[in-house]
1. Could you please let me know if residue 26 is of a type in the set (A, V, I, L, M), more than 16 Å from residue 149 (Cβ to Cβ) and either crowded, with 22+ Cβ neighbours inside 10 Å or free of Cβ contacts under 8 Å to residues at least 60 places away in the same chain (or both)?
2. So residue 105 clears everything in (1) within 12 Å of the ligand (Cβ to nearest atom); (2) at pLDDT 95 or above; (3) small (Gly, Ala, Ser); (4) at positive phi except one condition, right? Which one?
3. Is there a residue in region 5-16 that is modelled with pLDDT of 95 or more, closer than 21 Å to residue 156 by Cα and either among the charged types (D, E, K, R) or crowded, with 21+ Cβ neighbours inside 10 Å (or both)?
4. Could you list all residues from region 1-43 that are farther than 30 Å from residue 60 by Cβ, of a type in the set (S, T, N, Q) and part of a helix (DSSP H, G or I)?
5. When region 116-147 is examined, which residues are found to be small (Gly, Ala, Ser) and surrounded by fewer than 21 Cβ atoms within 10 Å (Cβ to Cβ)?
6. What number of residues in region 56-81 are of a type in the set (Gly, Ala, Ser), under 16 Å from residue 120 (Cβ atoms) and buried (at least 17 other Cβ atoms within 10 Å of the Cβ)?
7. Identify the residue in region 108-127 that is under 13 Å from the mean Cα position of the chain (by Cα) and aliphatic (A, V, I, L, M) and, among all such residues, is farthest from the ligand (Cβ to nearest atom).
8. Could you list all residues from region 111-120 that are in a strand (DSSP E or B) and touching a residue at least 40 places away in the same chain (Cβ under 8 Å)?
Amino acid sequence: MFDFSPEPGASTEQVWHDLVEAARGLTHGESDGVANMANVAAAIWQFLPRLNWAGFYRTVGDELVLGPFIGKPACIRIPFGKGVCGTAAASGDVQLVPDVHAFPGHIACDSASRSELVAPVWRDGKVIAVIDLDSPDAARFDEADARGIALLAQAIAQAI
Ligand code: SME
């Protein structure tokens, strides 16, 4: 129904800008958070090359629980403070991990993952979810991606 293709040769900033706009459009006027997370995960998958996993973990009590995603089946529950996702949730900061094997406590859900980018989604002063991107390529993500995923998290915070 929706087919998003990044402009050939577009900068990382432009790709993230277009992805954020797509996510706003997809979630606009829809109150179902699961549906919105599913469509945003699908949009991420369409816009960003070289990913092997893209999706959400949601804050439930004092842990993260798997949400909608694209990729191989993944770990279901991650305590706050554990792994890259739990660190993003506990610290409230984007985690840019060029080499997952060098990240203490990294949780290997898919052995193909080499680098990872995770953003907390803040709403009403709390981290309500994280967006998790995994790549089979080392150092797939850079600071522009980190800024982009933070903008995406902000853009969808009211919709998930
Ligand atoms: N690697 C993550 C776990 C989630 S999977 O990558 C989908 C982590 O260390 O938190």
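The values are calculated or read from the model by the stated rules, or taken from the named source; none is laboratory data. Everything quoted here is computed from the prediction, not taken from an experiment. When we count neighbours, we look across all protein chains shown, and the Cβ atoms used for this are built from the backbone with ideal geometry, even at glycine.
1. yes
2. Residue 105 satisfies all of (1) within 12 Å of the ligand (Cβ to nearest atom); (2) at pLDDT 95 or above; (3) small (Gly, Ala, Ser); (4) at positive phi except (2).
3. yes
4. 12, 14
5. Within region 116-147, 125, 138, 139, 144, 146 qualify.
6. 1
7. It comes out as 121.
8. Within region 111-120, no residue meets the criteria.
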